[in-house]
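Read through the structure below, which is laid out as structure tokens, and then see the notes.
The values are calculated or read from the model by the stated rules, or taken from the named source; none is laboratory data. Keep in mind that this is a model prediction, so the values were computed, not measured. No Cβ is skipped: glycine too gets one built from the backbone with ideal geometry, and neighbour counts run over all protein chains shown. Heads up: the accessible areas ignore ligands, DNA and RNA and are worked out on the full protein's heavy atoms, side chains in. Shrake-Rupley method; radii C 1.70, N 1.55, O 1.52, S 1.80 Å.
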Amino acid sequence: NEKSEGTGAAPAEGGGAKPKIVKLAFVTNNASEFWKIAQAGVRKYEQESKVQVDVKMPSNGTTEEQNQILENLSSQGYDAIAVSAIAPADQVPVLNKVAEKSKLITFDSDAPASSRLLYIGTNNHEAGKALGAHIVKLLPDGGKMAVFVGTLSADNAKQRLQGIQDAIAGKNIEIVDKREDNTDRAKARSNVEDIINAHPDLKLVAGLWSYNGPAIAAAIEALGKKGKVLAAVFDEEEETLTAIENGTISATVVQKPFQFGYLASKWAHELSVKPDTAKAQIPANKSIDTGIDVIEKTNVATFKQQLAEMKK
Amino acid sequence: MSVAASAPDLLAMRAITKRFAGVVALQGVSLSLKPGEVLALMGENGAGKSTLMKILGGALQPDGGEICIDGKSVAIESVRAAKRLGIALIHQELMLAPNLDIAANIFLGNEGGATGLLLRPLPKGDMAARARELLLRVGLRLSPSTPVSALTAGQMQMVEIAKALALSARILIMDEPTSSLTSGESEHLFGIIRKLRADGIGIVYISHRMEEVMALADRVTVLRDGRHVGDLTRAGATRERIVSMMVGRELSAHYFPEKRPRASTEPVLVVEGLVVPGAPAQISFSAGRGEILGFAGLVGSGRTELMETIFGVTPALGGRMTLEGKEFAPRKPRDAIDRGVYLAPEDRKRHGLVLPLSVAENTSLPDIGNYSRWGFLNRETERRVAESEVERLRTKTPGIRQPVVNLSGGNQQKVVLGKWLAMNPRVLILDEPTRGIDVGAKAEIYRHMTALADEGITILMVSSDMEEIIGMSDRVAVMHERRIKGVLPRERLSQERIATLMTGHADKEDLS
Amino acid sequence: MTIALVVMCLGLYISNPDFLGQSNSINTLRQISMLGIFAIGIGFVIIAGGIDLSIGSVIGLTGVLIAKLSSSQLGGLGYPLWIGIPVALGVALLIGLGQGLLITRLKLQPFIVTLGGMLFLRGVSQTIAGGGTLSLGGSPLLALANGGLLKSGSDALIPYPLLMFLAVSGVAAYALHFTVFGRYVYAIGGNRDAAEYSGINVKRVETSTYVISAGLGGVAGVCYASYIGQMSQQVGIAYEMYAIAAAVLGGCSLRGGEGTVLGIIIGSAVMRVIDNGINMFQLPYEDADRIQRIWRLDPNWTFIIIGAVILVAVILDQIVHIVQAKRRIRHASAGAAEAASSLQAATAVSAAGPPAARAPDSESV
Amino acid sequence: MTIALVVMCLGLYISNPDFLGQSNSINTLRQISMLGIFAIGIGFVIIAGGIDLSIGSVIGLTGVLIAKLSSSQLGGLGYPLWIGIPVALGVALLIGLGQGLLITRLKLQPFIVTLGGMLFLRGVSQTIAGGGTLSLGGSPLLALANGGLLKSGSDALIPYPLLMFLAVSGVAAYALHFTVFGRYVYAIGGNRDAAEYSGINVKRVETSTYVISAGLGGVAGVCYASYIGQMSQQVGIAYEMYAIAAAVLGGCSLRGGEGTVLGIIIGSAVMRVIDNGINMFQLPYEDADRIQRIWRLDPNWTFIIIGAVILVAVILDQIVHIVQAKRRIRHASAGAAEAASSLQAATAVSAAGPPAARAPDSESV
Ligand SMILES: Nc1ncnc2c1ncn2[C@@H]1O[C@H](COP(=O)(O)OP(=O)(O)OP(=O)(O)O)[C@@H](O)[C@H]1O
Ligand SMILES: Nc1ncnc2c1ncn2[C@@H]1O[C@H](COP(=O)(O)OP(=O)(O)OP(=O)(O)O)[C@@H](O)[C@H]1O
Ligand SMILES: [Mg+2]
Ligand SMILES: [Mg+2]
């Protein structure tokens, strides 16, 4: 008996009970450019299927903050929640609590120990290995390299670094220094400058987090070390791609965040409105691999174009 | 409000009213001032003198009333406005920036050059030269580049005077300028005031030292409880009259208690070869049971720092003290307090009071640990103690829960005294105990001091008030340039003798 | 500030009744409790006129130590919790003592000492955690933040951190408002020199405030370790700012001498309700296609909202104060004017409440 | 602090001569310059007795605004730099003005106002950047941080930020130490009431310090935008702490009234040399297999080192001061003390205590 508002041209279901609003949420692990691409995927799905998916970004990127967001969403009765867990192993209790009330999907960073229904994303260890393999190609005679990252304690950083180390093992390549910047971008650049100055025989620098690419490119160019110190990084920041075009950076390994957004929204929606059919479609290993790409000078132009499309 | 004269008043304040939360400080107060006149503004502690003058100086806004300068009604909405009108105010409380030097403080807000433009260069050399002149004029022999934090209260007071003189105002207000000056320095100031008067400057002078008022004032305006009780001409102004108008009843103007027979000579506090940090000489003296030992000296002669060393604030670098025959070497004030040695400091705002705390909380502060059980505050005892001290010293306060920051200067001083009187002293050190205290209360305090001495308590009294030193002390130690120049026994006390010693002219006989 | 808190809560409840739902209420209370515990700690320091920037790092270090000592996971030493927790708390107390002694004995500025401490201790956490994360997975400690009394469904109605917070508040309120120690803390904050001249052992009392602050930081650290379940040097970063903000919102002045435990509790609640409110706030509407939608805050606005709410809260609070002070003066004068009809009566000054200060521009909040 | 700086530089040079190599010297000077510019800004506020926590966010916002207005990349509006930079700096000045007015007119505590401002402005940056990153790729602005005068090889021996820093230092030193304005800043920091009673327009001067701080934050923001080449709300986080630390290391007291421009410059240099030193420090050694190796700092120790160096620096500095003060007092009392010791050395009150100033416990550094 709720009145529908508006003029006489009420839709057909007017007068009856309103259709229940499906509450869907997409929770990232921080606020950054990377997630803007994923958000584009979310928005695309929203347009296609006319549902609302709330994007939540923990601004400080801490576990505590994310836990709070998750508990909040769950207490508001969200139907489905997709999350990139910051500390998967230790968020299991929270995740399981959420999974009791809502359909839970993980993306980007999995929490296999939790009772999530599905994981959508790539494997950071594999991504590291891909970059490591590229580094081996760049340094056929071996040599010294340094690694730059926001904080090494982050899971994705650990996995990417491990991947690189696995790939360069036994190839006479030595990681002589690792530097953290704690997401201070000016520090990210000055670290690279300092380390290049401190190690005159450094052959290559690798950046594990997205903004390390631009920082490395700027430092190498400012020091006039282009070609003398090579660079291999992750993610698709604009400066990184430009640096690949002009040869300062050799390669970057990218994930497919747009797919995270799109697929996670889609699965979340379907699991909410038709749980049985959707559950039947979940692959046996409960994960959907969206794959990675290695972007080099040869394919950077095409990739940039695609990216521009997505961000529109 | 008589004094009809031909010349228009330089200043007329009419029906000024000022309220604070809980207090009506001024109610319909009027006052007038002519060029070349010294008007003494009198009243008990808390009568509203400072409040009235702060209104005139632009530091407070009145709730009602009118101010006229040269017959024209003016609004003084800020200190700057007052300065523009040619009004300069020496505050009762020291108002200097301790991190700046003397010259900078003298010309603060008055640096000269193109006015209004904040980024104009500081005329440093010019200021230093003029500061030197002004210091000479007030008789302070210090370099203008001395940081104010290194000055004594008396020296700061003289800087305040120099600062007011630098303004070349038409109306000069002095709120207890001599409360920490000795008679010599005060005389010097009076010379300056007389010269200013001759130049046609109008001066409002506030003081609790009656003899100064008698010597200076052309006219007296008396306030009581925030009301104007009347004006007296020079001829009509006698001590007795002023006092009775102030307190609203007859009061003996003679307030020093009868000299009692000198108490026992049994020494209580013995100081031998004490090295006060930074001082160039050793200090030795002893004070007996029930004795009031006065300390006289010029501004900066080292009395305060000696007392602070005895109290343990700045522990001695050498020498030896005994208290009732036992070793006494305080490293901090608590050590002294535990032995019954208390100090009422000269700078009440800096060292004496926690301004945001209430009268009761300040009174109980040093002793509260002793009457609390298991650390639990005993508010009942606290209230009782505070109330009895307020009553004993006739502190004017809306209540014992009033933050002391809201009390008048003299009443704040009473709170400082009250907190030590509430405990049982063996040796009570009073540094300028009656600074800013009105005549009635002074008599009260003197009575208490005498009573304490009679009980066998030893009192060391630093004072710049010659009358007080002579009237109260059993013996007087006179200091000069941080040494004790001589100790005068009661029978040899005279203003001249003390003054000679104070200025460094030793008298063989006095070296007892 | 209480008014601001009530208005916020009401607004949020109207926008989203789930705000006062069982689950969210419990979560929010737990958040308030964990913040409140160390905000009270820092409150002691602030009231005594100091500042403690290291408390966030103490929280992190306590957790890291517990995880290192008592975790049975990789990297943990596997000692029982009754060893891990006391050792970690002991270390926290020692840190407070060390900083307090540096500040009081060497007369160093608290800001720089605790800033150095903050960085140093974060480095210690990082070194202990080997630059990574120490997991508390499976530790019984996890029950602390997640469990509680009065089970109702999957929730415990009274989470343990709330109990701890109540206990801490009670003891702190007692210590600060009813003991000699508390009086000394206020006196030192009001005028350090006068306190010294009154025979207060200023250095000892001041040092104690840093010990209390670090100790309560440690207690909060235990709660956070349990709540987060894994520790790294990242935990606790910037928490000192939340605690200081809570204390200041609750009426503490950074000049010292002002503030109450109740105020700090309210300040902590304001901080956490803002945080929670950003996630809870919603406005249902119908879009152009007549689809029922819910408008929620853009996550990019988070900081704008937090900052704006803090600013608005202090501004409103100040305006209320100014208006009240004016009214009190007018009120007092009305009473006094009556009394003044007889001169005698005027001498008995009315004993009304605390007026604005004598200084021309004393500031508050 | 100068001694500490010299010792650090010497030690680093011995450990790694590249520390004073052309490239590293230029980089370090550039880092010192960028920090120094806004540390001087915050110095004005601190000397006047206030605090400005929002300066980091102002740095970030200025950069984000420039990137938004003048970047030709995705998300940028593509206006020329001569529009972008003045608008961004204008916004910075307005922020300072707004905060200053709130603090002085409404008598709010600077800490909470600028904390609110810090959060609010970070949120504004985040909203403008859409939660992501704005690239300055290809902008001529990039030449600012990277270019300079006197080219030598690929380096400019005098980077532009250094020139800007020198200019800012010169003007600031003039304003603070040689003008009426500077005198007022010190007076307000030393005794606000006295300044007010001297007829100084305290509110105006105080407000100006916040405008200066935010303005220099804006100038630093331009440099950082150029240095980093891309902006997000992350830029500038915690920079206020570095600036405050630099000012305090350089002799500013957070109680106000103390500090010099030269001191702040030295403090900034200390902060940046620590940072740089952590990356440059090395110890060559021979391992068990007689292989020549170089030992470097574990990145996990970074914070330990920064914290420890800050603490050690202030402690040493203070000890030097205390010893000097003691010697001065001893010297003054020399005659008296000697006579005393010969008089009765046995019972003499021990002459240990450091009675630095008149107040029993004035603090410094
Ligand atoms: N800011 C304030 N708030 C509340 N009460 C105040 C304030 N300033 C002054 N008072 C009260 O106003 C009254 C007058 O104070 P005022 O300072 O003018 O006295 P006074 O005549 O100068 O006394 P004294 O001789 O002790 O200096 C006192 O009762 C005092 O407590
Ligand atoms: N902290 C300090 N630094 C430098 N000089 C000081 C310091 N404290 C005191 N003095 C000097 O010590 C001398 C003695 O000062 P003290 O306060 O003891 O004198 P006083 O006789 O009490 O004078 P007053 O009547 O002005 O209070 C003065 O010359 C003063 O300049
Ligand atoms: Mg007065
Ligand atoms: Mg003295």
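Residues of region D:226-252 being open to solvent by 10 Å² or more (accessible area, probe 1.4 Å), within 10 Å of another protein chain (Cβ to nearest Cβ) and under 18 Å from D:A313 (Cα atoms), which ones?
Selection gives D:M241, D:Y242.
Quick one: what pairs do we get from region A:21-36, first residue more than 10 Å from every other protein chain (Cβ to nearest Cβ), second surrounded by fewer than 23 Cβ atoms within 10 Å (Cβ to Cβ) and at pLDDT below 80, C-beta under 7 Å, 6+ apart or different chains?
Pairs that qualify, where the first residue is more than 10 Å from every other protein chain (Cβ to nearest Cβ) and the partner is surrounded by fewer than 23 Cβ atoms within 10 Å (Cβ to Cβ) and at pLDDT below 80, are A:N29/A:G61.
Kindly establish whether C:S72 is outside any loop (DSSP other than H, G, I, E, B) and within 14 Å of chain A (Cβ to nearest Cβ).
Working: outside any loop (DSSP other than H, G, I, E, B): no; within 14 Å of chain A (Cβ to nearest Cβ): yes.
Spelling it out, it is not the case that C:S72 is outside any loop (DSSP other than H, G, I, E, B) and within 14 Å of chain A (Cβ to nearest Cβ).
Scan region C:1-38 for residues that are closer than 16 Å to C:L163 by Cβ, in contact (Cβ under 8 Å) with a residue 24 or more places away in the chain and either small (G, A, S) or surrounded by fewer than 14 Cβ atoms within 10 Å (Cβ to Cβ) (or both) and report the count.
2
For region C:281-298, indicate whether the set of residues that are within 14 Å of chain D (Cβ to nearest Cβ), touching a residue at least 40 places away in the same chain (Cβ under 8 Å) and either crowded, with 18+ Cβ neighbours inside 10 Å or among the charged types (D, E, K, R) (or both) is non-empty.
no
Given the conditions (1) part of a helix (DSSP H, G or I); (2) open to solvent by 30 Å² or more (accessible area, probe 1.4 Å), and given that B:V159 satisfies all but one, which numbered condition is not satisfied?
Only one criterion is unmet by B:V159, namely (2).
Is it the case, given these coordinates, that B:L119 is at pLDDT below 90, away from ligand 1 (no atom under 16 Å from the Cβ), part of a loop (DSSP other than H, G, I, E, B) and open to solvent by 10 Å² or more (accessible area, probe 1.4 Å)?
Against the criterion (at pLDDT below 90, away from ligand 1 (no atom under 16 Å from the Cβ), part of a loop (DSSP other than H, G, I, E, B) and open to solvent by 10 Å² or more (accessible area, probe 1.4 Å)), B:L119 qualifies.
Among the listed residues B:E176, B:E185, which satisfies the condition of being in the same structural domain as B:G58 (by TED's automatic domain parsing), charged (D, E, K, R) and within 15 Å of ligand 4 (Cβ to nearest atom)?
Exactly one residue qualifies, and that residue is B:E185.
Take region B:177-202 and flag every residue that is aliphatic (A, V, I, L, M) and closer than 19 Å to B:E468 by Cα.
B:L181
Restricting attention to region C:172-199, which residues are among the aliphatic types (A, V, I, L, M), more than 8 Å from every other protein chain (Cβ to nearest Cβ) and over 18 Å from C:G267 (Cα atoms)?
Answer for region C:172-199, where residues must be among the aliphatic types (A, V, I, L, M), more than 8 Å from every other protein chain (Cβ to nearest Cβ) and over 18 Å from C:G267 (Cα atoms): C:A175, C:V185, C:I188.
Can you pull out the residues in region D:94-112 that are open to solvent by less than 30 Å² (accessible area, probe 1.4 Å), of a type outside the set (F, W, Y) and at the interface with another protein chain (Cβ under 7 Å from one of its Cβ atoms)?
D:L108, D:Q109, D:I112
As an exercise: evaluate A:D79 against (1) open to solvent by 30 Å² or more (accessible area, probe 1.4 Å); (2) closer than 20 Å to C:A225 by Cβ and give the number of the one condition it does not meet.
So the condition that A:D79 fails would be (2).
Which of the residues belonging to region B:154-204 are polar (S, T, N, Q) and more than 16 Å from ligand 2 (Cβ to nearest atom)? Please lay out each step first, then the result.
In the first step, residues of region B:154-204 are kept if they are polar (S, T, N, Q); the result is B:155, B:157, B:168, B:178-180, B:182-183, B:186.
Selection gives B:S168 alone.
Tally time: how many residues in region C:118-138 are away from chain D (no Cβ under 14 Å) and modelled with pLDDT of 80 or more?
Of the residues in that region, 2 qualify.
Somewhere in region D:253-273, is a residue in contact with a strand residue (DSSP E or B) (Cβ under 7 Å, 6 or more places away or on another chain) and among the basic types (K, R)?
No, there is no match, as no residue in region D:253-273 is in contact with a strand residue (DSSP E or B) (Cβ under 7 Å, 6 or more places away or on another chain) and among the basic types (K, R).
Based on this model, can you work out whether B:R350 counts as away from ligand 1 (no atom under 16 Å from the Cβ), at pLDDT below 90 and within 21 Å of B:P98 (Cβ to Cβ)?
yes
Within the set of pairs 6+ apart or on separate chains, which have a first residue in region B:395-407 that is on the phi > 0 side of the Ramachandran plot and part of a loop (DSSP other than H, G, I, E, B), a second that is modelled with pLDDT under 90 and within 8 Å of ligand 1 (Cβ to nearest atom), and C-beta atoms under 7 Å apart?
Hits for this filter: zero, empty list.
Look through region A:208-232, keep the residues that are within 17 Å of A:H134 (Cβ to Cβ) and touching a residue at least 60 places away in the same chain (Cβ under 8 Å), and return whichever of them is farthest from the other protein chains (Cβ to nearest Cβ).
In this case the residue turns out to be A:A232.
Here is a list of conditions, (1) closer than 22 Å to D:V248 by Cα; (2) in a helix (DSSP H, G or I); (3) touching a Leu at 6+ places or on another chain (Cβ under 7 Å), and C:L108 meets all of them except one; can you say which number that is?
Just one mismatch for C:L108, condition (2).
Inside region B:204-310, counting only helices (runs of 4 or more DSSP H) that do not spill past its ends, which hold 2 or more residues that are at pLDDT 90 or above and hydroxyl-bearing (S, T, Y)?
The helices (runs of 4 or more DSSP H) meeting that bar are B:303-310.
Give the residue, chosen from B:P333, B:P315, that is within 17 Å of C:N201 (Cβ to Cβ), in contact with a strand residue (DSSP E or B) (Cβ under 8 Å, 6 or more places away or on another chain) and either more than 9 Å from every other protein chain (Cβ to nearest Cβ) or away from ligand 1 (no atom under 16 Å from the Cβ) (or both).
Testing whether each residue is within 17 Å of C:N201 (Cβ to Cβ), in contact with a strand residue (DSSP E or B) (Cβ under 8 Å, 6 or more places away or on another chain) and either more than 9 Å from every other protein chain (Cβ to nearest Cβ) or away from ligand 1 (no atom under 16 Å from the Cβ) (or both) leaves just B:P333.
Residues in region B:45-96 that are out of contact with any strand residue (DSSP E or B) (no Cβ under 7 Å at 6 or more places or on another chain), over 21 Å from B:M156 (Cα atoms) and near ligand 1 (Cβ under 9 Å from one of its atoms): how many?
Here the count works out to 2.
Residue by residue, here is whether (1) in contact with a Leu (Cβ under 8 Å, 6 or more places away or on another chain); (2) in a strand (DSSP E or B); (3) open to solvent by 10 Å² or more (accessible area, probe 1.4 Å) holds:
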{"site": "A:G163", "(1), (2), (3)": "yes, no, no"}
{"site": "A:E174", "(1), (2), (3)": "no, yes, yes"}
{"site": "A:A188", "(1), (2), (3)": "no, no, no"}
{"site": "A:I195", "(1), (2), (3)": "yes, no, no"}
{"site": "A:W209", "(1), (2), (3)": "no, no, yes"}
{"site": "A:G213", "(1), (2), (3)": "no, no, no"}
{"site": "A:A217", "(1), (2), (3)": "no, no, no"}
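Within region B:380-401, track down each residue that is open to solvent by 10 Å² or more (accessible area, probe 1.4 Å), within 13 Å of ligand 1 (Cβ to nearest atom) and at pLDDT below 90.
B:R394, B:T395, B:K396, B:T397, B:P398, B:G399
Of the residues that make up region C:206-214, is at least one modelled with pLDDT of 95 or more, open to solvent by less than 30 Å² (accessible area, probe 1.4 Å) and facing another protein chain (nearest Cβ under 10 Å)?
Here is the first cut: in region C:206-214, the ones modelled with pLDDT of 95 or more are C:206-214.
From what is left, the residues that are open to solvent by less than 30 Å² (accessible area, probe 1.4 Å) are C:206-207, C:209-210, C:213-214.
If we keep only those that are facing another protein chain (nearest Cβ under 10 Å) too, we end up with C:206.
Yes.
B:I76: within 14 Å of chain D (Cβ to nearest Cβ), touching a Gly at 6+ places or on another chain (Cβ under 8 Å), modelled with pLDDT of 90 or more and buried (at least 18 other Cβ atoms within 10 Å of the Cβ), yes or no?
yes
Which of the residues spanning region B:122-153 are open to solvent by 30 Å² or more (accessible area, probe 1.4 Å), within 16 Å of ligand 2 (Cβ to nearest atom) and in a helix (DSSP H, G or I)?
Listed by number, the residues that qualify are B:S149, B:A150.
Based on this model, can you work out whether D:G148 counts as at pLDDT below 95, under 19 Å from D:I37 (Cα atoms) and touching a Phe, Trp or Tyr at 6+ places or on another chain (Cβ under 7 Å)?
Values: at pLDDT below 95: yes; under 19 Å from D:I37 (Cα atoms): yes; touching a Phe, Trp or Tyr at 6+ places or on another chain (Cβ under 7 Å): yes.
Taking the combined requirement at face value, the residue satisfies it.
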